[in-house]
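Rule-based calculations on the coordinates, nothing more; no lab input. Since the structure is predicted, the reported quantities are computational estimates derived from the model, not experimental observations. Cβ placement follows ideal geometry from the backbone for every residue including glycine, while neighbour counts extend to all protein chains displayed.
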Ligand SMILES: [Mg+2]
């Protein structure tokens, strides 16, 4: 069991720590360094697989912390480069095998096709698509049937404990855990005194509301998030600038606030 830590920071990647277009996070480096100087934990959270996340986590320099992968369906332990078990994914694939073929054939999951086809579906390079296919906890795919057919397909999966979430491009199947479930379990493990969460999209809201301070990083590409439950209590900060520039500003703002609120020591 790790020692209780002072501060844990949970952060979404795409459009939050990492620029949506350039995929760069240089502007956030001063904030990352400031957190390291405080020995704060930095928990990356995204839709990436463990295989994709491990590479990025190493580059960002936070491999000593767990990361939340596959949109919260699972997590990657510190220093691991692959997930310890793909049992959840095997459960989902077995459930798919038990759906009647007339409905099953209307869903094309990442596990049904080649890396080249996943590259076509996602816009990733083939080599990156292969990493996106290394799934442990959830199965994204494309639906090609009607809405009533989709409802029947999802009902057949729900009977087997498989949940679904419809995103912009993909219908993702999982066993139902999300980013905030993983956040709760990481908080249980590390017992931080303070928590911060940063995100830019609706699927970050639960995480932002669960943190002591939630930071909504501006994303000019989508409508602003609605007022959050903890916003009136002053526990939400919204950045003016997008991506890593906004991320960096917010981290410095919160660190200043925590320092000011710290009880002065005597002696
Ligand atoms: Mg995002």
Single condition residue 124 does not satisfy, out of (1) surrounded by fewer than 21 Cβ atoms within 10 Å (Cβ to Cβ); (2) over 30 Å from residue 246 (Cα atoms): (2)
When residues of the range 33-57 are limited to those that are under 18 Å from residue 8 (Cα atoms) and out of contact with any helix residue (DSSP H, G or I) (no Cβ under 8 Å at 6 or more places or on another chain), the one nearest to the ligand (Cβ to nearest atom): 57
Residues (more than 22 Å from residue 242 (Cβ to Cβ) and either surrounded by fewer than 17 Cβ atoms within 10 Å (Cβ to Cβ) or within 16 Å of the ligand (Cβ to nearest atom) (or both)) located in the range 163-179: 165, 166, 170, 172, 176, 178
Matching residues, the range 244-264, being in contact with a strand residue (DSSP E or B) (Cβ under 7 Å, 6 or more places away or on another chain) and either within 26 Å of residue 19 (Cα to Cα) or surrounded by 20 or more Cβ atoms within 10 Å (Cβ to Cβ) (or both): 244, 246, 247, 249, 250, 253, 254
Among the residues listed as 182, 142, 191, the single one being surrounded by fewer than 16 Cβ atoms within 10 Å (Cβ to Cβ) and in contact with a strand residue (DSSP E or B) (Cβ under 6 Å, 6 or more places away or on another chain): 142
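Quick grid of which residues meet (1) in a strand (DSSP E or B); (2) more than 14 Å from the ligand (Cβ to nearest atom):
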| position | (1), (2) |
| --- | --- |
| 161 | no, yes |
| 183 | no, yes |
| 197 | yes, no |
| 215 | yes, no |
| 241 | yes, yes |
| 246 | no, no |
| 250 | no, yes |
In the range 217-232, the residues that are within 13 Å of the ligand (Cβ to nearest atom), buried (at least 16 other Cβ atoms within 10 Å of the Cβ) and assigned to a loop (DSSP other than H, G, I, E, B): 219, 225
Residues within the range 1-26 that are over 16 Å from residue 196 (Cα atoms) and either within 16 Å of the ligand (Cβ to nearest atom) or without any contact (Cβ under 8 Å) to a residue 60 or more places away in the chain (or both), tallied: 11
